[in-house]
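A.B. asks: Quick one: the structure is below, and I'll ask about it shortly.
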Amino acid sequence: MTSAIPAYLSQVLERYRTEDGGANADYIPALAQVDSQQLALALVTTEGDIYTAGDDQALFTIQSMSKPFAYGAVLEQLGPEQVANYVGLEPSGEAFNHLSLDEATHLPKNPMINAGALAIHQLIVSPKASSAERVEAVRSFFSALAGRQLSVDYHVYASELETAHRNMAIAHMLKNFGVIEADPYNVVTGYTAQCSLLVTVKDIATMAATLASGGVQPVTGQRLLSPANARMILSVMAASGMYDAAGSWFTDVGIPAKSGVSGGILGAVPGQAGLAVFSPRLDKHGHSVRGVKIASRLAADLNFHVLAPRPVGCGPADIEDQARQLLEQEA
Ligand code: GLU
């Protein structure tokens, strides 16, 4: 029997194709030039089935959708206790590029905002590593997550660096408070290259499906993150992935997610699937306008909200069984 999923995904895309709200990011000049009509959607199940619709060959820069995976690389490298010395776990309620640190700890509030992502980026390989070594480590890890070799778009990279004064200011603030040891300029160049990796919706949905499956890349079968680290990344995405719109996103869509200013949004439905939407025009929070609407529609249609009642088989009787088993183990 042929799957109904591709036709369903195409139907959803068509429903929102004519929505024309928002505008391309323009603080990165190269992103302002991107064709804003592009629209694509992908869903990859934790069993490795891949479904796409629309402009699924379109390449776009990963931008902040890189942050959960860079965080993952560092969690794998150092473990959560060490990483906690560099970045917090609390939602900031502020814009992605806000110049602030937690008042008590002087650490970035979380790894999804730029301050946290810069602090995380400098830990990749080691603070003493060169920018090129860090970028190659990120590229290689992300390639394993996507299941193909990714490359950096040096045109977008150069364009972002020309106007990266705000990220430079954040990196200097981090250096001032001793959060980063590395040279602030090198951290910004490496982070900007990390954000400039080119992906398709299929790549992003596969990377998200790896989180949804607890760390196993569903197509290659390779374990890339421990189950505990995958869960930690999803938790941080749920609290902070959508920046100052995280609360309304979670209430409505109800899945851990991360957006990027290129117009991509990735979401992970634990145990089920990863999804990715791409549409370049953004709202005031930096999220794809059509992407948010499409994700909301999918979540409603496919019952993705993680706080919806659990399906049959996870009811009160299971608490009874689990408690009994635990007691028996202790006895
Ligand atoms: N490279 C972008 C920046 O640092 C990423 C922001 C985003 O995608 O939200 O400004």
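Only the coordinates and a few stated rules stand behind these numbers; no lab work does. It should be emphasised that the depicted structure is a prediction, and the values quoted were computed from it without experimental measurement. As a convention, Cβ positions derive from the backbone with ideal geometry for all residues, glycine included, and neighbour counts pool all protein chains shown.
A.B. asks: Residue 175: which aspartates and glutamates have alpha carbons under 17 Å from its alpha carbon, excluding same-chain residues fewer than 8 sequence positions away?
C.D. replies: Qualifying aspartates and glutamates at Cα under 17 Å: 102, 103, 183.
A.B. asks: Now for a separate question. Rg(Cα) of the chain divided by 2.2 N^0.38 Å? Provide the component values of the computation, followed by the final result.
C.D. replies: Details: Rg = 19.5 Å, N = 331, 2.2 N^0.38 = 20.0 Å.
Expressed relative to 2.2 N^0.38 Å, the Cα Rg reads 0.98.
A.B. asks: Going by how many other beta carbons lie within 10 Å of each one, how would you line up 71, 154, fewest first?
C.D. replies: 154, 71
A.B. asks: Taking the alpha-carbon centroid of each part, what is the distance from segment 41-65 to segment 1-40 in angstrom?
C.D. replies: For segment 41-65 versus segment 1-40, the Cα centre distance is 12 Å.
A.B. asks: Nothing charged except the Cβ atoms of Lys and Arg (+1) and of Asp and Glu (-1): what's the magnitude of the dipole of segment 64-195 about its Cα centre? Round to the nearest 20 debye.
C.D. replies: 200 debye
A.B. asks: Two decimals is fine: what is log10 I(q)/I(0) at q = 0.16, 0.27, 0.31 Å⁻¹ for segment 262-318, from a Debye sum with one equal scatterer on every Cα and no solvent?
C.D. replies: One equal scatterer on each Cα of segment 262-318 leads to -0.56, -1.09, -1.23.
A.B. asks: Give me a comma-separated list of calculated 3J(HN,Hα) values for segment 219-224, in order, Karplus coefficients 6.51, -1.76, 1.60 applied at θ = phi - 60°, integers in Hz, x for any Gly or Pro.
C.D. replies: Using θ = phi - 60°, the values come out as 8, 8, x, 7, 7, 10 Hz.
A.B. asks: Cross-link partners among aspartates and glutamates for residue 202, C-alpha distance below 13 Å, same-chain residues fewer than 8 apart left out?
C.D. replies: Straight-line reach from residue 202, under 13 Å: 49, 55, 56.
A.B. asks: Here's another thing I want to ask about it. Only counting other Cβ atoms within 10 Å, I'd like 202, 293 sorted with the fewest neighbours first.
C.D. replies: Lowest count first: 293, 202.
A.B. asks: Sorted from largest down, give the three principal axis spans of the alpha carbons of segment 64-195, whole angstrom values.
C.D. replies: 42, 34, 28
A.B. asks: Which of the aspartates and glutamates could be linked to residue 109 by a straight reach, that is with a Cα gap under 19 Å, when you skip same-chain ones fewer than 8 residues away?
C.D. replies: Cross-link targets: 81, 90, 94, 181, 244.
A.B. asks: So for the chain, averaging the separation of alpha carbon pairs under 8 Å that are six or more residues apart and normalising by length, what relative contact order in percent results?
C.D. replies: Relative contact order for the chain comes out at 24 percent.
A.B. asks: Of the options 278, 187, 222, report the single residue whose Cα projects farthest towards the positive end of the charge dipole of the chain (beta-carbon charges: Lys, Arg +1; Asp, Glu -1).
C.D. replies: Ranked along the dipole, the leading option is 278.
A.B. asks: Can you list the residues, at least 5 places off or on another chain, whose amide H is less than 5 Å from the amide H of residue 182, using H built in the peptide plane?
C.D. replies: HN-HN under 5 Å from residue 182: empty list.
A.B. asks: Could I ask something else about it? Could you work out the per residue convex hull volume over the alpha carbons of segment 1-146, in cubic angstrom?
C.D. replies: 164 Å³
A.B. asks: Could you derive backbone 3J(HN,Hα) for segment 287-294 from the dihedral phi with the Karplus parameters 6.51, -1.76 and 1.60 (θ = phi - 60°), listing whole Hz in sequence and x where the residue is Gly or Pro?
C.D. replies: Working through the residues one at a time gives 10, 4, 5, 5, x, 5, 5, 5 Hz.
A.B. asks: On to the next question. Using alpha carbon centroids, what distance separates segment 71-144 and segment 174-250, in Å?
C.D. replies: Between the Cα centres of segment 71-144 and segment 174-250 lies a distance of 9 Å.
A.B. asks: By counting other Cβ atoms within 10 Å of each Cβ, how are 179, 201, 219 ranked from fewest to most?
C.D. replies: Values: 179 22, 201 28, 219 18.
In order of increasing Cβ crowding within 10 Å: 219, 179, 201.
A.B. asks: Taking the Cα centre of segment 198-331 as origin and charging only Cβ (+1 Lys, Arg; -1 Asp, Glu), how large is the dipole, in debye to the nearest 20? Don't jump to the answer; show the numbers that get you there.
C.D. replies: Details: 11 positive and 10 negative charges, 137 e Å.
My answer is approximately 660 debye.
A.B. asks: Another question, then. Rounded to two decimal places and with Rh computed the Kirkwood way over Cα pairs, what is Rg over Rh for segment 201-331?
C.D. replies: 1.06
A.B. asks: Working from the alpha-carbon coordinates of segment 1-54, get Rg over Rh, Rh being the Kirkwood radius.
C.D. replies: Ratio of gyration radius to Kirkwood radius for segment 1-54: 1.11.
A.B. asks: For segment 53-60, what does the Karplus curve 6.51 cos²θ - 1.76 cosθ + 1.60, with θ = phi - 60°, yield as ³J(HN,Hα) per residue in whole Hz, taken in order and with x for Gly and Pro?
C.D. replies: Values per residue, Gly and Pro as x: 8, x, 7, 6, 8, 4, 9, 9 Hz.
A.B. asks: Once amide H atoms are built 1.01 Å from N in the peptide plane, which residues 5 or more positions from residue 197, or in another chain, come under 5 Å H to H?
C.D. replies: Those qualifying (amide H under 5 Å, at least 5 residues apart or on another chain) are 62, 63, 153.
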